[in-house]
Structures are given as structure tokens and as C-alpha cells.
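Asks: Have a look at this one.
No value in this document is a laboratory result; all are computed from the given coordinates. These numbers come from a predicted model, not from an experiment. All Cβ positions, glycine included, derive from the backbone under ideal geometry; neighbour counts span all protein chains shown.
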């Protein structure tokens, strides 16, 4: 049986199960009572890992949560089709399929063989954690013009192999590999 977690012990980045669904704690705020007999309250900002909804909820310090049956596995991206995006488990070589709604716009950061962390709840894949930086090839960009730097425009638009558009420095050319921060979607350097 999974262990129980008291609300007062919940920390940022912890996972917990509430009303039968897994949640990821984004922030915690504890308010201690000033009057005698008052209850300590814990306000938790959490993300539902199934629906991706984020909300705040206040609990009593003694409220208990179950530890979710959450497993994180390494998998490499294979391809996408009408069913979704397909990944291969790095240990069992099993193919896992994630629906497009599970990935959202993260799929614009997926290139062949990118290794990600897939979250499974009760044995079914529910989400993906991308690496900090991914390498993607520039498929279209305008050539940099020498006089552009004087006007302060030191970046230009570039379309990457996945369709993602980012701003890159003037020296970046087509067919070049670049690094992209997965969280901010900013240029992180040449690959």
C-alpha cells in the first residue's frame, strides 16, 4: 500500500494523489494561526498531471494524501503519426504512444532520438518531461545582412525542422544544428 503524505510535509516538486488523480506540487504556502485554537492551513498550488489544469487549494495541516503510483521511465522519440507520438522505452524496448493532447506544443521540440522522461500513472503514459536543451536543424532563415547590427536587430527569425520558429543570431545559416532551451524556447547556441 502506498504511504500517506501529510499536507504539512508537502514540498515543492513533490507528487501526490488527490481525488484519484496524480498532482505535481508547484508551490506551497503554510499559514500558522495567530489565535489559540486556530488551525494551521497549507495552501498548495498544484498541477493535475492528467488534465494539465493548475489551481490553488487549501488543506488542513493534518489532511493526508496518498503517494501516487507514478513511474518515470527514459524513452527515445521515434516518430509521429495520426495516433500520436511514439517513443521507445530505453530498458524494455517497448513502444509507448502519447496522444497529441498529452504533449501539447512540446511536440515542436521533439526530433529523432531525443531522450525524454515519460510519466506513467497506474501503468499508462500520461505526460513527458523534456531535457533542458534539444538540438534541432534550421530549415529556413534569411541570410544575415551586415548593416542589420547597427539598428540593434541582432537576431533573425528561423524555422526549425519541427516547425518551431525561434529568434537566432545573424551568423546562423540554414541546415545548421542549433540548441534550443525547452522551457523558454530560446536559442542556446550552436550544436
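Asks: Treat the count of other C-beta atoms within 10 Å as a stand-in for reagent exposure and order 134, 54, 28 from fewest to most. If you can, show how the numbers build up before the last one.
Replies: Numbers: 134 24, 54 12, 28 18.
Listing 134, 54, 28 from fewest to most nearby Cβ atoms yields 54, 28, 134.
Asks: Can I ask one more? Among rounded, prolate and oblate, which fits the range 1-117 when a ≥ b ≥ c are the square roots of the eigenvalues of its C-alpha gyration tensor, a/c under 1.5 means rounded, and a/b larger than b/c means prolate? It would help to have the intermediate numbers written out before the result.
Replies: Numbers: a/c = 3.42, a/b = 2.52, b/c = 1.36.
Verdict is prolate for the range 1-117.
Asks: Still on this structure, I have one more. How far, in nm, would the chain grow between residue 6 and residue 72 when pulled straight, counting 0.36 nm per residue and subtracting the alpha carbon separation?
Replies: Numbers: separation 66, 0.36 × 66 = 23.76 nm, distance 2.29 nm.
Extra length from residue 6 to residue 72 when fully extended: 21.5 nm.
Asks: Expected output is a single nm value to one decimal: the length gained when fully extending between residue 51 and residue 133, i.e. 0.36 nm times separation in residues minus the C-alpha distance. What is it?
Replies: 27.0 nm
Asks: Quickly work out the residue 155-to-residue 92 label distance, labels modelled 7 Å from Cα along the C-beta direction, and quote it in nm with one decimal.
Replies: 4.1 nm
Asks: OK, next. Rounded, prolate or oblate for the range 4-66? Axes are the square roots of the Cα gyration tensor eigenvalues, ordered a ≥ b ≥ c, and the cut-off for rounded is a/c under 1.5.
Replies: Numbers: a/c = 2.46, a/b = 1.93, b/c = 1.28.
Since a/c reaches 1.5 and a/b is larger than b/c, the shape of the range 4-66 is classed as prolate.
Asks: In whole angstrom, how long is each semi-axis of the equivalent ellipsoid of the range 90-191, when you take the square root of 5 times every eigenvalue of its Cα gyration tensor and sort them from largest down?
Replies: On the way: eigenvalues 222, 29, 22 Å².
Ellipsoid semi-axes (Å, largest first): 33, 12, 11.
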